[in-house]
Amino acid sequence: MSLSDACEVAERLLGELPERVEALQPAAGGDDSRSFRMWMRKRPLLLKVMNAPGTPIGAYFHARLKEAGVPVPDLLAFSGDAGPDGAACGVFEWVEGEPAQFSSHERPPYDEAEFGRLLRAIHDLRHDRGFGRLDDRGRTSHSRWADWLSDAVDWSCARCVKRGLLEEGLADTRHDLMSKHAEAATWRTQHPSCRSWCRLLREAGFSSAQAAYDGGWFAKRLFDRLPESKRPGEMEAVDEMLRPLVEVVVTMEAPPAAAPGEWEPWITAGK
């Protein structure tokens, strides 16, 4: 998208041409839209244009954040189809800032408590109408969670194939499996607590959702505790010894929180 294209989009949204426009370098991983800094009557503004027609710019979610008191830039103008090829676009107020850059060993130069309050305000937002990505009017893409999951896997696989991270045949196989078995799935959290996940799964329509033990983690710990003289030498013998115990353990409810670095709770959910 050229600078002249950006000027035309800005004129459609605001009714006049900007005085100056410059393209912005997207943040790491940000490839779903293009952003431009422009000046209207000497005031700096941000123009955001989605790459693909039909992709929401986030106007509905932006309004919900603002209502919740989260400090977000003002959305000054918005159109669902004024961009190139009918793409969504919007003009936001320009807010000066600095990238949040610090190493994992450094204390962040920001108010962590304030960040926590803002995240809580975002997580407290609820939407009761379906699943998937919200469009700019607050409508969801799917009525059933399983349908959304299947399409999300399809989209993710296509993205990985495009970037050369996954072979096309493997992507097709994974999508076929998810399409057939999307009613049941297991996954592992990367957070020391899964209370919120369990609550959200129940709200999404699952009849049960509970923290569970990782069978592989338990089997490894048990095998490591066996004296050397009692450890089976063949994999079949190991499976015969450990399987009955693991089958019992994975059905037991685990604590919803774990000590950092020890293990992450699994979740067992049933529809």
Sole exception among (1) within 30 Å of Ser2 (Cβ to Cβ); (2) over 19 Å from the mean Cα position of the chain (by Cα) for Gly69, by number: (1)
Among residues of segment 34-90, those that are touching a residue at least 40 places away in the same chain (Cβ under 8 Å) and assigned to a loop (DSSP other than H, G, I, E, B), counted: 11
Segment 91-122, subset modelled with pLDDT of 85 or more and in a loop (DSSP other than H, G, I, E, B), residue surrounded by the fewest Cβ atoms within 10 Å (Cβ to Cβ): Glu96
Complete set of residues in segment 219-243 that are surrounded by 10 or more Cβ atoms within 10 Å (Cβ to Cβ) and not in a loop (DSSP other than H, G, I, E, B): Ala219, Lys220, Arg221, Leu222, Phe223, Ala237, Val238, Asp239, Glu240, Met241, Leu242, Arg243
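For every residue, the table says whether it meets (1) surrounded by 14 or more Cβ atoms within 10 Å (Cβ to Cβ); (2) polar (S, T, N, Q); (3) within 18 Å of Ala82 (Cα to Cα); (4) in contact with a Gly (Cβ under 6 Å, 6 or more places away or on another chain).
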residue	(1), (2), (3), (4)
Cys7	yes, no, yes, no
Gly15	no, no, yes, no
Glu22	no, no, no, no
Met38	yes, no, yes, no
Thr55	yes, yes, yes, no
Phe61	yes, no, no, no
Leu65	yes, no, no, no
Scan of segment 109-150 for residues that are within 16 Å of the chain's Cα centre (by Cα) and farther than 24 Å from Arg199 by Cβ, ordered by number: Asp135
Segments classed as helices (runs of 4 or more DSSP H), wholly inside segment 123-205, with at least 1 members that are at pLDDT 75 or above and loosely packed, with under 15 Cβ neighbours inside 10 Å: 145-162, 195-203
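The values are calculated or read from the model by the stated rules, or taken from the named source; none is laboratory data. What you see is a predicted model, and the numbers here were worked out from it, not measured in a lab. Using ideal geometry, Cβ is built from the backbone for each residue, glycine included, and neighbour counts are taken over all protein chains shown.
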